[in-house]
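The values are calculated or read from the model by the stated rules, or taken from the named source; none is laboratory data. Computed from a predicted model, the values in this text were never measured in an experiment. We place every Cβ from the backbone using ideal geometry, glycine too, and count neighbours over all the protein chains shown. Ligands, DNA and RNA are excluded from the accessible area calculation, which covers all protein heavy atoms including side chains. Shrake-Rupley method; radii C 1.70, N 1.55, O 1.52, S 1.80 Å.
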Amino acid sequence: MKNKPDSILGNTEELTPEMPEQTAPAPADPVEETATPVEAEAAEETLAPPVTRRYNKRGKRRGKYAYAAPLGLLISLLSIVGVVAIVSTCIGWIKDATDTTYLHDEMYYYLEPMIFYAPEPFTDAAKNPQDVFLNAAAYRVMAAESIRIDREKDESIYPVDENGRIAVPAEEIETAYKALYGASAKVQHKSLEESGLEYDQSDHCYYMHIQTPATMEQAFVVSVDRSSDEYEVRVGFVPKADIKLDRYGREVAPTEEMATHFKTFTLKRTDDDQYYVYACKNE
């Protein structure tokens, strides 16, 4: 009797023949292909940055706007410099408008004739004349001539009498008088024996010595307050005995604290940018 299989689905391992292992073929070596010029150009265009209206193929800004950024920076810097310059100029204008230091010397030499003769307080010099006004006008002429002689090493342009006095025409005294007290001020021609000023009606001249009046005080300008058409000049007076000397023998400028009294002169500006003494008060 023949042997039967155990089962139709019996042990298949015995029935399935063994298949030989198949080895996958090795990949072939890549073949280097030489790209054509057209393909190379296409590849370069693919890798290059995008070409726009503002940038070219190399990534740089195009034509007329290439220097916009540097130019803008330069304009910004120039704007800053301009603003700084304008601010500095404005500060200078404000300083010039408020700083009156440079006026101190000018006001002192203008008021010097009045300072030497110390007028009494007054308002409107043209309407309230004093004898010292005439003395101050004569001093103004004398001081100008004295300076001219020293600078030019010359003799006086005025005639000199037997007493060594110069003869100044009355018209020049009148001009000096108006320069101090205004165009409407009028001189009352007369002699002032106390100050040595002599008026000769016959030749219409004033006779005076070229010398500075003696004084026991030294005056100096303390402050100058300026408005649109007026100056308030405050003058301090210090006894000459109180003036100190520095190590080189030069006088030390007096200070406000050293002054024993003060005078304030009011000067008014004229249409031709000059000024004249209008009033004076004591402090």
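Of note:
- When the trypsin sites (Lys or Arg not before Pro) in the range 192-283 are filtered for DSSP coil states and for at most 12 other beta-carbon atoms within 10 Å of their beta-carbon, the remaining sites are 244, 247, 250.
- Accessible area of the range 117-212 divided out per residue, in Å², using a probe of 1.4 angstrom: 57 Å²
- Restricting the GluC sites (Glu not before Pro) of the range 140-169 to loop positions (DSSP other than H, G, I, E, B) with no more than 10 neighbouring Cβ atoms within 10 Å leaves 155, 162.
- For the range 230-242, the Karplus equation 6.51 cos²θ - 1.76 cosθ + 1.60, evaluated at θ = phi - 60°, returns couplings of 9, 10, 10, 9, 9, 10, x, 10, 10, x, 4, 5, 8 Hz by residue, with Gly and Pro reported as x.
- Over 19 Å between alpha carbons, listed pairs 190/281; 240/281; 153/240; 127/178; 244/281; 186/268: 190/281; 240/281; 153/240; 244/281
- Calculated diffusion of the range 192-283, Stokes-Einstein form, Kirkwood radius summed over Cα pairs, 20 °C and 1.002 mPa s, µm²/s: 131 µm²/s
- Carbon + sulfur, % of accessible area of the range 198-246 - ligands and nucleic acids excluded, 1.4 Å: 46 percent
- For the range 200-248, the fraction of alpha-carbon pairs in successive 5 Å shells from zero, as %: 5, 13, 12, 13, 13, 12, 13, 12, 5, 2, 1
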